[in-house]
Amino acid sequence: MNVHDKYKPLTFWERTYLPRIWDGLVLTMRHFFFNLWHFFLASIGVQREWKGAVTYQYPEVRRPIWPRLRTLHRLTKREDGTPRCVACMMCETVCPAKCIYIVAGERPEKQIEKYPLQFDIDLGKCVFCGYCVEACPEDAIRMDTGILEFAAYGRNGMLLTKEMLLSFVPKKEHYTARPDLEARPAPAPRLSEA
Ligand code: SF4
Ligand code: SF4
């Protein structure tokens, strides 16, 4: 549509929406009969390669998803099982939906100063943009769990806590190793402690 068209007053027929409804019905019926014809020819042995529309028998059969698709978040762990997150707040700051809430605590060892005491993501607000993953300097948050189904009876049920985020595991085929971060040696002690 021309950008200027939206300023033009609607005609009588456009205001009734009937032409657009008619267009929609024609399009739907065209697809319906197209698929019906293909299924018919395939079922009687003619043109077997014509499959028509493909329907997945969800939830028994799930549609394969692209490995780079952003799925439910998880927090990654260090080798000792502690969260890789250093509570730098980068993800919380960059999140356009303001749905990440972090409370920082101090770690006992001084090489890594902070860790998240609390790390919540409100999925009810999240727009799955992936900015949090992009912004994280520690590869501490990822969206590679492959989990797409999450429903709750109330808004509180959509809150992901730190414990839940840490308990999720990556979906094998979605996992991309980050040797640059995973093989990184532990930080050297500070001069004052050496
Ligand atoms: S995916 Fe986007 S909206 Fe969701 S928590 Fe991350 S930054 Fe926020
Ligand atoms: S997940 Fe990453 S960006 Fe967010 S606070 Fe932790 S270290 Fe910083």
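For residues in region 61-75 being more than 16 Å from ligand 1 (Cβ to nearest atom) and among the aliphatic types (A, V, I, L, M), which is surrounded by the most Cβ atoms within 10 Å (Cβ to Cβ)? That would be 65.
Return a yes/no flag: does region 50-73 have any residue that is in contact with a helix residue (DSSP H, G or I) (Cβ under 7 Å, 6 or more places away or on another chain) and within 16 Å of ligand 2 (Cβ to nearest atom). Looking for residues that are in contact with a helix residue (DSSP H, G or I) (Cβ under 7 Å, 6 or more places away or on another chain) and within 16 Å of ligand 2 (Cβ to nearest atom), one finds at least one in region 50-73, hence yes.
Residues checked against (1) of a type in the set (S, T, N, Q); (2) in contact with an Asp or Glu (Cβ under 9 Å, 6 or more places away or on another chain); (3) modelled with pLDDT under 90:
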| position | (1), (2), (3) |
| --- | --- |
| 38 | no, no, yes |
| 42 | no, yes, yes |
| 49 | no, no, yes |
| 57 | yes, no, yes |
| 61 | no, no, yes |
| 64 | no, no, yes |
| 74 | no, yes, no |
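When residues in region 148-178 are screened for being in contact (Cβ under 8 Å) with a residue 24 or more places away in the chain, surrounded by 14 or more Cβ atoms within 10 Å (Cβ to Cβ), within 15 Å of ligand 1 (Cβ to nearest atom) and not in a strand (DSSP E or B), 4 of them pass.
Remark: pairs (first residue in region 15-26, free of Cβ contacts under 8 Å to residues at least 24 places away in the same chain; second residue of a type outside the set (Phe, Trp, Tyr) and assigned to a helix (DSSP H, G or I); Cβ separation under 9 Å; 6+ apart in sequence or on different chains) = 20/14.
If I ask for residues that are on the phi > 0 side of the Ramachandran plot and within 16 Å of ligand 1 (Cβ to nearest atom), which ones from region 78-100 would you list? Residues satisfying the conditions are 87, 89, 98. Looking at the structure I just gave you, is residue 132 touching an Asp or Glu at 6+ places or on another chain (Cβ under 9 Å), touching a residue at least 12 places away in the same chain (Cβ under 8 Å), near ligand 1 (Cβ under 8 Å from one of its atoms) and farther than 17 Å from residue 167 by Cβ? So residue 132 passes the test. The C-beta contact set for region 42-61 (first residue in a loop (DSSP other than H, G, I, E, B), second residue among the charged types (D, E, K, R), distance under 6 angstrom, 6+ apart or interchain) comprises 56/63. Test residue 105 against the stated conditions and say whether it is of a type in the set (Gly, Ala, Ser), in contact with a Cys (Cβ under 8 Å, 6 or more places away or on another chain), at pLDDT 85 or above and surrounded by fewer than 18 Cβ atoms within 10 Å (Cβ to Cβ). In short, no. Of all the residues in region 106-125, those that are within 14 Å of ligand 2 (Cβ to nearest atom) and closer than 25 Å to residue 178 by Cβ number 9. Looking only at residues in region 108-144 that are in contact with a Lys or Arg (Cβ under 8 Å, 6 or more places away or on another chain) and β-branched (Val, Ile, Thr), which one is most open to solvent (accessible area, probe 1.4 Å)? Applying the filter and picking the extreme gives 133.
The values are calculated or read from the model by the stated rules, or taken from the named source; none is laboratory data. Because the structure is predicted, anything quoted here is derived from the model rather than measured. All Cβ positions, even for glycine, are placed from backbone atoms using ideal geometry, and neighbour counts span all protein chains on display. Keep in mind that these areas ignore ligands, DNA and RNA; they rest on the heavy atoms of the full protein, side chains included. Shrake-Rupley method; radii C 1.70, N 1.55, O 1.52, S 1.80 Å.
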